[in-house]
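The values are calculated or read from the model by the stated rules, or taken from the named source; none is laboratory data. What you see is a predicted model; the values in this text were computed from it and never measured. Every residue, glycine as well, gets a Cβ built from its backbone with ideal geometry; the counts of neighbours run over all protein chains shown. In case anyone asks, the SASA skips ligands and DNA or RNA and just uses the protein heavy atoms, side chains included. Shrake-Rupley method; radii C 1.70, N 1.55, O 1.52, S 1.80 Å.
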Amino acid sequence: MNKITVLLAEDHMIVREGFRSLLKGERDMELVGEAETGRQAVQLAKKLRPAVVVMDIAMPQLNGLEAARQIMEFIPSTKVIMLSAHSDDAYVDEATAAGAVGYLIKQTSSQDLCKAIREVQKGNTFFSPSIGKHLKHQYEKSPKPAGLSKKRAAGLSSREVEVLQLIAEGKPNKETASELGISIKTVEKHRQHLMEKLNIHDTAGLTRYAISSGIIESSVQLTIV
């Protein structure tokens with residue numbers, strides 16, 4: 001029997017341990033890798049080419065939505081299921097626009113996670129029962145074309161989103177350059193382009209934008225002065 005290969009991307013160790021234990025108990029699934037950051041998730045996905053990626057939206061270094069976009073770009077056959085503590089329509093819309101075919105809130109039962117993995121592997125979609133009915137009604141009433149995420153509406157490139165997240169996380173230019181494998185001068189150019197495109201002229205403003213567009217967790221607001 002061919003097992004469903006799964007890559008787990010979750011930055012909280014205790015949550016990963018729980019998922020790991022769960023998946024190891026499923027005879028038709030194989031956990032092939034674990035990622036602690038969005039960037040690591042993209043790297044592992046390219047290397048391991050899993051059938052399914054289970055991805056937390058709120059990931060450090062590269063948020064889960066952008067990581068999902070990059071994974072789908074390089075490996076279109078991989079199915080992405082997003083995990084989130086949020087059931088808001090905006091988050092679900094962002095996830096589906098990023099290419100996710102599943103969306104589970106973290107209060108979802110373990111049985112639903114396993115069911116979601118099996119369903120998306122078959123080519124179906126799967127959403128937490130608490131939001132699935134509402135989502136279906138919403139899309140039947142007012143369908144939205146894919147790709148209309150806030151990030152894309154702002155005209156930001158994938159690289160600019162990566163730089164924006166690292167800026168909002170408080171990373172200095174040198175560390176951002178090292179993380180992305182580019183020069184400090186290139187980071188500075190990206191920062192300048194971000195400010196010009198968004199009409200924002202300071203780091204605090206960029207951070208607020210990153211929060212409002214869901215690129216980083218809203219808890220970062222506590223660090224803004």
Pairs needed: first member in segment 99-123, modelled with pLDDT of 90 or more; second member anywhere, of a type outside the set (Gly, Ala, Ser) and open to solvent by 50 Å² or more (accessible area, probe 1.4 Å); C-beta distance under 6 Å; at least 6 residues apart or different chains. VAL120/LYS79
Hits in segment 66-86 - residues which are open to solvent by less than 10 Å² (accessible area, probe 1.4 Å) and outside any helix (DSSP H, G or I): ILE75, THR78, VAL80, ILE81, MET82, LEU83, SER84
Look at segment 25-65 and say how many of its residues are open to solvent by 10 Å² or more (accessible area, probe 1.4 Å), out of contact with any strand residue (DSSP E or B) (no Cβ under 9 Å at 6 or more places or on another chain), within 27 Å of SER87 (Cα to Cα) and in a loop (DSSP other than H, G, I, E, B). 2
Flag if ILE224 is at pLDDT 85 or above, of a type in the set (Val, Ile, Thr), farther than 26 Å from GLY102 by Cα and more than 19 Å from the chain's Cα centre (by Cα): no
If a residue has to be at pLDDT below 90 and hydroxyl-bearing (Ser, Thr, Tyr) to count, how many in segment 169-191 make the cut? 2
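I need the full set of residues from segment 87-98 which are in contact (Cβ under 8 Å) with a residue 60 or more places away in the chain and either touching a His at 6+ places or on another chain (Cβ under 6 Å) or open to solvent by 40 Å² or more (accessible area, probe 1.4 Å) (or both), in order please.
ALA90, TYR91
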From (1) assigned to a helix (DSSP H, G or I); (2) under 28 Å from HIS86 (Cβ atoms); (3) modelled with pLDDT of 80 or more, pick out the condition that doesn't hold for SER219. (3)
Can you tell me how many residues in segment 89-112 are among the polar types (S, T, N, Q) and within 14 Å of the chain's Cα centre (by Cα)? 1
